[in-house]
1. By how many nm would the segment from Asp364 to Val436 grow when fully extended, if each residue of separation counts as 0.36 nm and the alpha-carbon distance is taken off?
2. What is the range 251-410 by shape, rounded, prolate or oblate, if you read a ≥ b ≥ c off the alpha carbon gyration tensor as root eigenvalues and call it rounded for a/c under 1.5, prolate for a/b larger than b/c, and oblate otherwise?
3. Suppose the chain between Ser387 and Gln459 were pulled fully straight at 0.36 nm per residue; how much longer would it get relative to their current alpha carbon spacing?
4. Roughly how many Å² is the accessible area per residue of the range 398-468, as a whole number, for a 1.4 Å probe?
5. Based on the Cβ-Cβ distance of Glu640 and Asp410, what FRET efficiency does E = 1/(1 + (r/R0)^6) give at R0 = 45 Å, to the nearest 0.05?
6. Work out, step by step, the length gained on full extension between Asp254 and Arg426: first 0.36 nm times the residue separation, then minus their alpha carbon distance; give nm to one decimal.
7. Spelling out what I want: for every residue of the range 230-246, take phi, set θ = phi - 60°, compute 6.51 cos²θ - 1.76 cosθ + 1.60 (Karplus), and round to whole Hz; glycine and proline get x.
8. Counting only protein chains, not ligands or nucleic acids, how are Asp551, Asp432, Asp646, Asp60 ordered by accessible area (probe 1.4 Å), most first?
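The values are calculated or read from the model by the stated rules, or taken from the named source; none is laboratory data. The model shown is predicted, which means the values in this text are computed figures rather than measured ones. Cβ coordinates were reconstructed from backbone atoms using ideal geometry, including for glycine residues, and neighbour counts include every protein chain displayed. We work out accessible area using only protein heavy atoms, side chains counted, and drop any ligands, DNA or RNA first. Shrake-Rupley method; radii C 1.70, N 1.55, O 1.52, S 1.80 Å.
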Amino acid sequence: MITCPECGLQSPDGSKFCDHCGRGLSATAAPPQQLATRPIPLAPGTIVKGYEVVELVAQDSIENRYRAIRKSESKEEKVTLRERIAPVREESEEKPVEEAKPPAPAPTPAVDPQAKTAELKPPPGMSANGEAAAPAETQAQVVATAEVSAPEVEAGIEVVPETSEPSASDAPTQPLPPPEHTNGARAESASTENEATSEREFIKDLPDHFADDLGDVFGRVLALSMTLAHPAFEKAISGFANDGRVYLVYPDTDSKPLSNRRGGIKMNEPEAIAIAVQVCQAVGFVHRRGLRLNDICPESVALASDGRVKMTGLNCVSNDNELENDPIFNDGYTAPEIYRAKKVDKRADIFSVGALLYSMLTGDRLQSETWREEAGPIRFYPPHVVSPSIEQAILRAVQFNPADRWPNIDALKSELLKLSSEVKIRATALTDVGMVRELNEDSVLALEFFRDSQVEPSQSYLYAVCDGMGGAEAGETASAIAVGTIRDYVESRLRRGETQNLGELLTAALEEANNLILGYQKEHPEARGMGSTGVCAAIVPPDGAVAWVGDSRAYILEGGSLRQLTKDHSLVQRLVEIGQITAEEARHHEHKNVITRSLGARQSGPAGAEMTVIKLRRGDRLLLCSDGLMAHVDDPAIAEIIKSYDDPYPIARELIAAANAGGGTDNISVIVVFAS
């Protein structure tokens, strides 16, 4: 049997990987007594180098995490501590003690113009384990590299292999040198040092025990924390060793891993894409510095209460020139080429982001048990239903062959941004005669035009509610003329691509309907006095406009708040405006049905249509309705009904039911539009 040096579990002889943690195995694996296991958790109240442990918040096979407090004379600072067993260093041969000498000056760094990536090492003046730099004779020389072929210079650090590794006792205590600038150059004057503010914020005020031997992992994380000046990364602010254990100190935050998300990792498409875009931004920041993350999974991506992402997987950062001796295997998230020990580049991170997005949309992980040999099938349906465009973006990201994936992380991010900015429209239109009237004089219109084309994609939507009046069949005829005219007028112009001034287009359509109704009255004297109110909306996502005449209304629900877009052309509305009655009194006023404008009311001159422009966002909900709804359902009740369902049809049905339950004294027409 072979004992895994990572988790301590045993695997059969000949196994190449640990089935539990994925660690590479060999016949010469370390015996169990030499394994680094998780330290026994500290009890609350324990003081460690000035930090008081409050509680244990998380632990895995090798690490504990605590919430702690650091008290000082001026303030009490809340922090998070990561704890591991201190690394065991091989003791070097004893040498006679010599009088300490100042370190010799480092030779001038050499520039390699052909370097493409930066080998992961700590900044100058700091060893890989977080301790202060040893003398130049025993330390690797740091060189600045530049991509000469790129229009923008990227930073890179290349380290010559070290001849020996100094122990913690040999490391001289000295101030941490100024960090490198983003172009890889060293700060050489006080004025230049002041310019490097982003990295400097993580270095100043470090405690004296910063030079403790933290080991390769914690030293690496602390070094990266000093240099990755991006808010999406969880960065350590200090590190120290104490009583056979090593610690990293982090600011206390409310971030929680996606794996611990209440309700599970599965979420809706807009939320999942928003998180994936933030992850892409963080990954792109690392990639532009010649590095890759390697560890992108629900455990290493945390989410704060404000929706901001924190990347916690700095343990496994590497560059494209090295194949990790201990590669991380997160089943379902690690790229297949890492399992198969093939050449790995930044496209491995693209795979991981795609796999993470898959999990956020489905609640499952990709099946990866066969990736060491061949690719397993990746599919969504059944049982998962995902928008086809999002599905295609994910499937390209998780291709088994790296060459078939998105060419870089920015390309994937651009695709996700495009998908997140798309507004899809769906609507339901319903009309009902009510509980009192014998005829339904309302007319409704729902016209949707959608063309999914790579050459000339297009989508436009037109909705209208018209409430006829005039008795007998005159009102029904007037509303029918109105919706027919609006349709013909607007549709012909939308098909010609006239979408720049939707509001003016709608008001012109209403005025054209007014002219045709007046023309009908002249040809049919018996219909004199007929007319119609009207409210209509045109949408070319995300732009839209609403126009109206009379007291038919339009509302929009934005961020959970209902707002009336139209202003009634009615007597009671005028009385409210001049302060004679209140809005509540207007609902029950004896002249509440008297309107001041309508289509067909004036024998000469325009009808007086008004309009307003809107910008739809995902999640907005639009309502067009006749006054038969408002007569019996007030605005707060309308808002509650609109928020009660995730589909427009049950909303429209319940609005009509509520109006009928309140008396149903008039015809009731509603159109509910969802932007998603």
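1. Roughly 20.5 nm would be gained on extension.
2. On the way: a/c = 1.58, a/b = 1.10, b/c = 1.44.
Oblate.
3. Extra length from Ser387 to Gln459 when fully extended: 24.2 nm.
4. Here the per-residue accessible area is 53 Å².
5. Numbers: r = 43 Å, r/R0 = 0.96.
E between Glu640 and Asp410, to the nearest 0.05, is 0.55.
6. Length gained, Asp254 through Arg426: 58.2 nm.
7. With coefficients 6.51, -1.76 and 1.60, one gets 9, x, 7, 9, 6, 10, 6, 9, 6, x, 7, 10, 7, 6, x, 10, 10 Hz.
8. In descending accessible area the options line up as Asp646, Asp60, Asp432, Asp551.
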